[in-house]
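The values are calculated or read from the model by the stated rules, or taken from the named source; none is laboratory data. A quick note: this is a predicted structure, and the numbers were derived from the prediction, not measured. Positions of Cβ are generated from backbone atoms using ideal geometry, with glycine treated the same way; all protein chains shown enter the neighbour counts.
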Amino acid sequence: MENKYQHDHNLTQWVNEFEILSQQGEKTAFDLRIYQKLIDYYKQEGDLKKATEVAESAIEQYGYRVEFYLIKSRLLLSQREPLEAMDSLLQAERLSPRDTEVLMTKALILAELRDTRAALSLLQRMKSYVGQTDLIEVLICETEIYFRAEENERAFITLKEALLANPYHEKGQQLLSDYISVSRRYLPVSRFLQEMLEEAPYSHFAWYNLGHCYSNLGEYDKAIDALEYAFLIRPEFEQAYTDCAEICMMKQQWDKALSIYQEVLTSFGEEYDLLVSLAECCLHLKNFVQAKKYLSQSLHADPYGEEAHFLTGQCYAQEGKWHKAIQFYRRAIAIDETSDTYLFALAKAYAKVGEMDKANKHFRKATTCAPEQNAYWFEYAAFLLNQGKLQQALEVLDQGEISSVGSDLLYCRAAVHYLIGDKTKAIDILAEVLEDDFESHPCIFGLVPGMGEDRDIMSIINYYRGEIFE
C-alpha cells in the first residue's frame, strides 16, 4: 500500500509540475520514464491533446528517441489528424527505418488517409522478413486496416490466422469481439473459438468472446459457464463478472447474480451501477433490508440516481408501505419525468392508498409515454372497472387496442361487458380470445370473481378447455 501511495503521490507531483511549467511556457526536464507515465496518465484521463503535449516535450529533450515520435504519431492518429501523424511518423522512420512498430503505424496512417492499397502493400512486404512474433502483430495490423475499409470478412480471415498462432493475443481477441458485434455471425465465430480453446484452454478473452456468442445465440447457460471460465482464469477481468451477472439476472438466477456481484464489490470496490444491481438482486430475493442498504450507499455515490430512488420505492411497495413507496417514486420521476415504468408504479401506489384522481392521472401519463405497453392499458382499465367506471374502462380499452396488442385487453373487455349486463357480448369476446390464448383466461376471475360461478361463462371456458386438451 505504501508503494502504491508513493507512486500516486509522485505522479500527482509530476502532473502538477508539468502543467505549471507548460502554463508558464517553460521547458520541462523529466526522466524519460516520467514522460511515459505522464502520457499514460493523460491517456487514461481521455485527454489526448495533453498527452500529445507531453510527447512533444519529451521529443524536445530526447529527440534521438524513436519511441516518443511514434507515441506522438499514434496519439495524433487517435485524434483523427493523419497528416500531422505522418509528419511525426516520418521523423521516427528516419531514426529507425525498419522498425516494425514504426512501419505498422505508417500503414495505419495510410489507411486513415484512404490509401488502403499502399497500407496493405507495406504490410505484405513486411511479412517476407519479420519473425513469427512480429508476423502476428502485422496480421493484427492488417485486420485493423480491413476493418477500417469495412472489409469485415477479409478482416475475420486474417484475424483467425493471427489468433490461431497466438490465442492469447489481447488486442486480437478485442478485435474479434468487435467483429462479433458488427457481423453478428455468432455461430461460425463460436465454432472457431471452440476449436481455439481446445488448443488454448486458458485464454480468458476467448472464453469471454465465446460467452457473448452463446448469449446472442440464446444459449444462456453455456454463456454463463463461458464467462465464469473467463473471470476464473483472469480474476481481475471485471467485465466478465458483470456480463455474467447480467445474464444470470436475465435468467432470474438471482442468487447466482448476487454472488457474482458481491465478488465484484469485494475485488473492485463500490460504484453506483454495481450497488443498484446488488440491490435489485436482493429485492427479487425479498431481502428488502439489505436491498435498501445497498440503495442508500448508491445514493451517497449519486444522489440523482433515479433508478436507486425507484428501486427503494419498490422495496417499500413490497413491504406494503405505500406512502414511503410514493415518496421515492416521486423522487425518481422528479429526475426522469418521462419514465413510463416510474409513472406506472406511482399510479398503482396511489390506487393502493385510495388517491384515485392522482392514480388516474399517472395511469394516463404512463399509457401516453408508452402506448405500446398493453399491460399499462390493462391495469388502467382494471383500475376504472374496480371503481365502477365501466364506460371509461371501455374507452381506455379502445385506445389501448389502437397501439398495443394483447389478449389481456380482450379478457378485460369481456369482464367490463359482463358487469354492464351484456353477457352475450362478453361470451362472444371470450369465444374469440379463448381460441387464441386459453392460458390467460384466469385473469377475468381476478377482475370479476363472480364470472367463475356463472354457468354460461364457465360453459364457454370448459368448451375451449376440451378443445385444447383433446
Here are the criteria: (1) closer than 28 Å to Arg364 by Cα; (2) in contact with a Cys (Cβ under 8 Å, 6 or more places away or on another chain). Tell me which single one Lys292 does not satisfy.
(1)
Specify the residue that is nearest to Arg98 (Cα to Cα); the eligible residues are those in region 127-144 that are loosely packed, with under 12 Cβ neighbours inside 10 Å and of a type in the set (S, T, N, Q).
Ser128
Assess whether Ala279 counts as being at pLDDT below 95 and either over 24 Å from Asp336 (Cα atoms) or not charged (D, E, K, R) (or both).
no
I'd like to know if region 229-237 contains one or more residues that are at pLDDT 95 or above, in contact with a Lys or Arg (Cβ under 8 Å, 6 or more places away or on another chain) and either within 22 Å of Leu274 (Cβ to Cβ) or of a type in the set (Phe, Trp, Tyr) (or both).
no
Here, helices (runs of 4 or more DSSP H) confined to region 28-112 with at least 1 residues that are over 23 Å from Ala149 (Cα atoms), in contact with a Phe, Trp or Tyr (Cβ under 8 Å, 6 or more places away or on another chain) and of a type in the set (Ser, Thr, Tyr) are 32-44, 48-61, 82-95
Output the residues belonging to region 292-310 that are touching a Lys or Arg at 6+ places or on another chain (Cβ under 9 Å) and either buried (at least 22 other Cβ atoms within 10 Å of the Cβ) or in the same structural domain as Asp243 (by TED's automatic domain parsing) (or both).
His309, Phe310
If you take the residues of region 432-470 that are surrounded by 13 or more Cβ atoms within 10 Å (Cβ to Cβ) and outside any helix (DSSP H, G or I), which of them is farthest from the chain's Cα centre (by Cα)?
Asp454
Please name all residue pairs, on different chains or six or more residues apart, with Cβ atoms under 9 Å, provided the first residue is in region 423-434 and is touching a residue at least 24 places away in the same chain (Cβ under 8 Å) and the second residue is not in a helix (DSSP H, G or I).
Lys423/Asp454; Leu430/His441; Val433/His441; Leu434/His441
The one condition in (1) part of a helix (DSSP H, G or I); (2) under 20 Å from Ile444 (Cβ atoms) that Val405 fails to fulfil
(1)
Matching residues, region 375-411, being touching a helix residue (DSSP H, G or I) at 6+ places or on another chain (Cβ under 6 Å), touching a residue at least 24 places away in the same chain (Cβ under 8 Å) and among the polar types (S, T, N, Q):
Ser404, Ser407
Whether any residue in region 422-431 is more than 19 Å from Asn360 (Cα to Cα), among the acidic types (Asp, Glu), part of a helix (DSSP H, G or I) and at pLDDT below 95 is what I want to check.
no
